[in-house]
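Encoded as structure tokens, the structure appears first; notes follow it.
The values are calculated or read from the model by the stated rules, or taken from the named source; none is laboratory data. All values reported here derive from a predicted model rather than from experimental measurement. Positions of Cβ are generated from backbone atoms using ideal geometry, with glycine treated the same way; all protein chains shown enter the neighbour counts.
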Amino acid sequence: MAQMEDVDAASPLPAMALDPDLHAAIRAPVTVMLGPSALLLRELDSSGQSLLGAEELRLLRDALREVCIPLKSMSEDDGASFMARWWMKIVRELCYDTQDYLNFVQSARDRPEFSELPDRAKAVYSGLLARAIDARERRRGFKWSPKTTRSDTWEAFNRRFSKKLVQLLGSFGVHTTPGAVVVEAPNKLVQLLALDDDVNDKTLKVIPIIGCAGVGKTTAARTLYHKHGGKFQCRAFVSVSQNPDMRGILTSMLAQLKAPRPPGFPDVLDLIGAISRHLQGKGYLIVLDDLWTASVWHIVSRAFPRGDHRSRIITTTQVHDVALACSGYHPVRIYKMELLDEYESRKLFFRRVFSSAPGDGCSPATKEVSYEIIRKCEGLPLAIVSIAGLLASELSIVMEDWRHIQNSFSSTSEGMKDILNLIYNSLPPGLRTCLLYLSMYPQGYVMKKAELVKHWVAEGFIGVVEGTVAMKIAERYFDELVSRAMVQAVDTDYTGKVLSCTVHHLVLDFIRSKSLDENFVTTVDYSESTLAHPDKVRRLSIQFGGVKSAYIPETIVTSKVRSLVFWGFFKCAPPSIMDYGFLRILNLHIWADEDNEIFDLIGIGNLFLLKYLTVECNITVKLPEKIGMLRYLETLEVDARLFAVPSDMDNLERLLHLRLPSESILPQGVAHMTSLRTLGNFDLSRRYSIENVLQLGGLSNLQDLQLTCAMAQQAENLEKNVLLLGWIVERLSFLQTITLVPASVSSHQDDGQAAAPTSIIIPPDGFNMEPPPDLLLQRIEMSRHCCIFFCIPKCFGELRKLCILKIAIRSLSRSDIEILERMPALAALALYNQTTPTEKMIMTDGGFYRLTYFKFLCAAPCLSFEQGAMPKLQNLNLGFNSDQWRSDTFETLGLSHLRGLTDVCVRLGTGAADNFNVKVAESALEAVVRNHPNSPRIRIKFVDLIFDGKEDDSTATHQYQEGKESRSARGQDGKQDATRGERQQQGPPMSKQDARRSKAVGASSKALPPMSKAVNASKSRAAVPPPTSSSPSKPMPSSSLTSPPKPRRRGSRTSPPRPTSPPQPKR
């Protein structure tokens, strides 16, 4: 029997010639106004509906075509009448119901007990056909002609999207943070916080920031947090919101403070106690954003010890009573954010639109209209940035459009709704849909770009495209929303590319209202369980947070839900997943307070339409023993203990993204999962056979390989498996990213007692490979807590497209620098030098022509730059221990020779007993860069002693990181556009090197990787622990290396090692 194509996939278009209107209707994506009409038309044109007769299909198809074609045209009319919009809603709901019916027919066809449709199903068909005919007749009963049809239709927008995005992101995505309201915090606020006071000031200061919505409170707090956070030993930035989840807030704070997590399942009091104990005797900076009630402050503030160390707390709120409570009822400690004056408003507007000073280069007509628009914004930064983002999105200035915007809203005194509605109506259909989809997330939630784009693709918002093209378009949608200031950037990478975002609560309220009106997304909060909801909910977001007694309203018909997102207590979760028979998207964030519970998801085996499944939970999750029946599943991500890994995962032929806990053992057939593009948390420290590890080389379409090493496993397993990576990588021609980090401590583990993993030394020939010329590898990140390379592998010099490299070196040499210098695409480099070189490393004017970010950590400063070195370097991040600092340290670096420098960050490793005066170091650094033409921003941060076993931020996300759980260290999705070919990876001809090495291990029947002497001797070599604070420059014992000579010893320290570090081996 012929199998029907995936109803939500980009089904092939019928071969028959189509008229232009029908062709446009069939190629359209899923949107707010169209619903799944295009998917439905494509499905009706496909074969395989064996339980429906040909005549029945023809009647239904013809009737639906007659309503879907005008639906496509009317959806592009911003000025459609009430009658037209009412009719469109009828047709949209008809399309949803018809597709649900066809899905039922598909499932019934696959059951042997059904030879024909039941009488009830036939009655449903008759009702759908009657509704389609009625809608057709109603359409004929009223007149409609396009009056204000948008020029940004799907086709037009799709044609010029790439060109437009290149220009937009070139202007706003690199040098500035898109959507930023203010650049520098007000001087009075800085004075109140006394952030620049002498370090001898031992008082705790709490400064509330109060102001109306959209005035820039959060942006000012975030600016201060990033600029001054490094001066404190601990820091955290958390969003509270109107319906706070106290457990979630404190858990996020605990993770950001890097505090030990209480054992078991801590409640709010346990978390408060853990935070308080960790902050005792430390200086800390805490930002509590968006407080609404004084009671929340009274609870959270119990976690902050006053002590005798310099600490600061910043809160933001719109409520005066809350600000008073935070200030200890001292009004003089409250900072009120005022609206911008005329000059500041114009400055913000023109910088956002033209990247220039107010009025520079503008015609008189443009100035006149601009000044009127600014006047109507009444000094509200959010309004100014939103309107400016709309105008900046246009490729050229059309005065008619500017005057239309000027006349479309009166003033912000009537609220932001008019402005937001104006911006929303200006968006193309695809962007509108993606924007409204953000209402699925709670207020204050930080949404990762990688997660969002996979959601959008799975929902069908991208249209008739597939593969990496769909992902690239979705990523551009995200970037466009940031550029238009509809979302606020949170995390960025070294180039300014936004990796995550959040939504201002005014914008969130607006898009939730729009979503509810169009029955696009329905949000249920524990405080709103009695409100009226649509009879048929298509996308449902349940946001119960930390409440244990919430419930899903009985008025919601769950049988029609296609996308379900749940945040809450596991006993409040949907009791039977079988009630959601048409689910495509299932996103679960579950928490429990007892370890003896199991979250049962066996029922998902019957969700035959499921495409996206992600589960985050602090108890054991039980999946079906077999999961191969989910033939449309594209994403499977589990962040929880698994009862067992399904045994038939290799039967998931459409699976693109797989991420399981690092302790999970993948089935033997992983090599057959050739559709995979992302594989997460494959643990190299486990006792896999060589053949099991080599299976990774058969994943011919893999783009992102995320590897881990467990803390408790034997180091010899890690050493043996790491040495196989070169052979694996050279066979993955589409691979773009490979990362190796310590296995993240999941929410169900006790990270307070976790020890750092043991590093291994990779010998000079330990990562050999012969990269093919077409290798797409762009990013390599190898944590120093997993492995330390004796030297830079020579093969790295042949990676023509590698742009991000993070690596730890035993002892950096000049030959290593020469390899790195000639890498043509290298843009970001993070080097961790284990032992201090005997001679200073001098960066000359040869090579590093594209490097914009450079991070170098060593126990002592041993680096300098000559004239012309690293000509494009913008961000420099240096780290060394504070006891190695001298008064002339910064002078000898040669920072004046780095002509492109814009940002300098110095990390000073300090011990518990160190009393280092940061003001002296800051003054010395300021004196060095004072005459630099770029006036680079400088920051000095206190960190733990260099190389004491503490993982640093990822190279690609080195700044603007806040609110990240420990699991985010597993790496970001680094997918790039690639041309997919038909190249076979199975059984390629062996190179001479492979043949020689295979012979060494007696592999005569298949091509095995190079098994050098280093691999064969791995069991006899002792693993090398990471250097501790007691001897940062101390070489490893001779038993840890086979052939490399022992480096010279330079310097030693007497501080005791960290308790969690392995004992230092004796010389």
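Brief remarks on what is shown
- Criterion (touching a residue at least 24 places away in the same chain (Cβ under 8 Å) and surrounded by fewer than 21 Cβ atoms within 10 Å (Cβ to Cβ)) met by exactly one of GLY680, GLY698: GLY698
- Top-ranked residue in the range 588-623 [being of a type in the set (S, T, N, Q) and surrounded by fewer than 21 Cβ atoms within 10 Å (Cβ to Cβ); ranked as farthest from the chain's Cα centre (by Cα)]: ASN596
- Filter result for the condition that a residue is modelled with pLDDT of 90 or more and under 30 Å from THR251 (Cα atoms), over ILE627, ILE590, ILE577: ILE590
- Applying the condition of being surrounded by 21 or more Cβ atoms within 10 Å (Cβ to Cβ) and of a type outside the set (D, E, K, R) to the range 234-248 and asking which residue is farthest from PRO186 (Cα to Cα) yields PRO244.
- Remark: pairs (first residue in the range 52-69, closer than 16 Å to LEU22 by Cα; second residue in a helix (DSSP H, G or I) and among the polar types (S, T, N, Q); Cβ separation under 7 Å; 6+ apart in sequence or on different chains) = LEU64/THR98; CYS68/SER37.
- Among the residues here, PRO305 qualifies as assigned to a loop (DSSP other than H, G, I, E, B), over 18 Å from VAL190 (Cα atoms) and at pLDDT 90 or above.
- All positions within the range 15-46 that are out of contact with any Lys or Arg (no Cβ under 8 Å at 6 or more places or on another chain) and either at pLDDT below 55 or hydrophobic (A, V, I, L, M, F, W, C) (or both): ALA15, MET16, ALA17, LEU18, VAL30, LEU39, LEU40
- Scanning the range 276-326 for residues that are of a type in the set (A, V, I, L, M) and touching a Leu at 6+ places or on another chain (Cβ under 6 Å) yields a count of 1.
- Scanning the range 660-714 for residues that are of a type in the set (A, V, I, L, M, F, W, C) and under 16 Å from ASP648 (Cα atoms) returns LEU660, ILE665, LEU666, VAL670, ALA671, MET673, LEU676.
- Taken over the range 242-261, residues that are closer than 19 Å to LYS548 by Cα and either over 20 Å from the mean Cα position of the chain (by Cα) or part of a loop (DSSP other than H, G, I, E, B) (or both) amount to 7.
- For the range 521-616, no strands (runs of 3 or more DSSP E) sit wholly inside it while including 2 or more residues that are acidic (Asp, Glu) and more than 24 Å from ARG641 (Cα to Cα).
- Test set (1) in contact with a Cys (Cβ under 9 Å, 6 or more places away or on another chain); (2) within 25 Å of PHE599 (Cβ to Cβ) - THR678 fails condition number: (1)
- Condition met for LYS72 (surrounded by fewer than 19 Cβ atoms within 10 Å (Cβ to Cβ), in a helix (DSSP H, G or I), in contact (Cβ under 8 Å) with a residue 12 or more places away in the chain and of a type outside the set (Asp, Glu)): no
- Residue within the range 312-332 that is part of a loop (DSSP other than H, G, I, E, B), on the phi < 0 side of the Ramachandran plot, in contact (Cβ under 8 Å) with a residue 40 or more places away in the chain and among the hydroxyl-bearing types (Ser, Thr, Tyr) present: yes
- Sole exception among (1) within 30 Å of GLU378 (Cα to Cα); (2) part of a loop (DSSP other than H, G, I, E, B) for PHE349, by number: (2)
- Selection status of PRO534, in contact with a His (Cβ under 7 Å, 6 or more places away or on another chain), at pLDDT below 90 and more than 20 Å from LEU636 (Cα to Cα): no
- Residue identified as in a strand (DSSP E or B) and acidic (Asp, Glu) among ASP491, ASP479: ASP491
- Qualifying position, being among the hydroxyl-bearing types (Ser, Thr, Tyr) and either within 27 Å of GLU716 (Cα to Cα) or touching a His at 6+ places or on another chain (Cβ under 7 Å) (or both), among THR678, THR674, THR614, THR620: THR678
- Selection of the range 796-820 for residues being farther than 24 Å from ALA859 by Cβ and assigned to a helix (DSSP H, G or I) yields PHE796, GLY797, GLU798.
- In the range 660-677, residue surrounded by the fewest Cβ atoms within 10 Å (Cβ to Cβ) [restricted to those that are touching a Ser or Thr at 6+ places or on another chain (Cβ under 7 Å) and at pLDDT 80 or above]: THR674
- Pairs with Cβ under 8 Å, 6+ apart, first in the range 715-739 and in contact (Cβ under 8 Å) with a residue 24 or more places away in the chain and within 12 Å of MET769 (Cβ to Cβ), second part of a helix (DSSP H, G or I) and among the charged types (D, E, K, R): TRP727/ASP994
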